[in-house]
Structure formats: structure tokens, C-alpha cells
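Asks: Below: one structure in C-alpha cells.
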Amino acid sequence: MQVALSEIFTFESIPTSVSLNEYIEIAKSYSTPKSGTFVNGILDTIVQKIKEENHIFKN
């Protein structure tokens with residue numbers, strides 16, 4: 001999840017939704033299918049809060 005957030009902050013050319021989807025799929029591959037839901041919930045909450053605070057300006 002730290003790598004996902006680093007990608008979201010660092011690479012402005014990669015849409016946030018693409019980064020999230022990549023790391024959700026990685027979680028599913030290396031753990032259980034339910035891990036994707038867990039990772040999605042955490043990352044989406046963090047991204048929404050960061051967007052509200054105007055720290056991310058991309059989609």
C-alpha cells in the first residue's frame with residue numbers, strides 16, 4: 001500500500017484509478033481474492049482524504 005501511495009504522489013502521468021487497480025490486483029494475486037476489497041477500501045479512503053486536502057490534483 002505504501003508503494004501504491006508513492007506511485008499516486010510521484011507519477012502525475014498515471015491516473016489515480018489506474019494505480020489503485022494495479023495494486024488491488026497485486027493484492028489479489030499475492031493473497032486472497034478478498035484482499036482486493038480490503039486494500040481498495042483502505043487506499044480509496046486515503047486517496048479521498050488526500051484529495052479533500054488538495055494534496056492530489058489528478059483524477
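We did not get these values from a lab; they are worked out from the coordinates using the rules stated. Keep in mind the model is a prediction, meaning the values are calculated, not measured. Note that each Cβ is placed from the backbone with ideal geometry, even for glycine, and that neighbours are counted across all protein chains shown.
Asks: Which of the numbered conditions does Pro33 fail, given that it passes all the others? Conditions: (1) surrounded by 13 or more Cβ atoms within 10 Å (Cβ to Cβ); (2) more than 12 Å from the chain's Cα centre (by Cα).
Replies: (1) is the only condition that Pro33 fails.
Asks: Do the conditions hold for Phe9, that is, is it surrounded by 11 or more Cβ atoms within 10 Å (Cβ to Cβ) and out of contact with any helix residue (DSSP H, G or I) (no Cβ under 8 Å at 6 or more places or on another chain)? Even if it seems obvious, please write down each step before you answer.
Replies: Numbers: surrounded by 11 or more Cβ atoms within 10 Å (Cβ to Cβ): yes; out of contact with any helix residue (DSSP H, G or I) (no Cβ under 8 Å at 6 or more places or on another chain): yes.
When the stated conditions are applied, Phe9 passes them.
Asks: May I pose another question? Within the range 43-59, how many residues are surrounded by fewer than 13 Cβ atoms within 10 Å (Cβ to Cβ) and of a type outside the set (Phe, Trp, Tyr)?
Replies: Step one: of the range 43-59, the residues surrounded by fewer than 13 Cβ atoms within 10 Å (Cβ to Cβ) are 45, 48-49, 52-55, 57, 59.
Pick out the ones that are also of a type outside the set (Phe, Trp, Tyr) and you get 45, 48-49, 52-55, 59.
Selection size over the range 43-59: 8.
Asks: Got a number for residues in the range 1-31 being among the polar types (S, T, N, Q) and within 13 Å of Leu43 (Cβ to Cβ)? Lay out the reasoning, then the answer.
Replies: Within the range 1-31, the first condition is being among the polar types (S, T, N, Q), and the residues that meet it are 2, 6, 10, 13, 16-17, 19, 21, 29, 31.
Subset that is within 13 Å of Leu43 (Cβ to Cβ): 2, 6, 16-17, 19, 21.
So the answer is 6.
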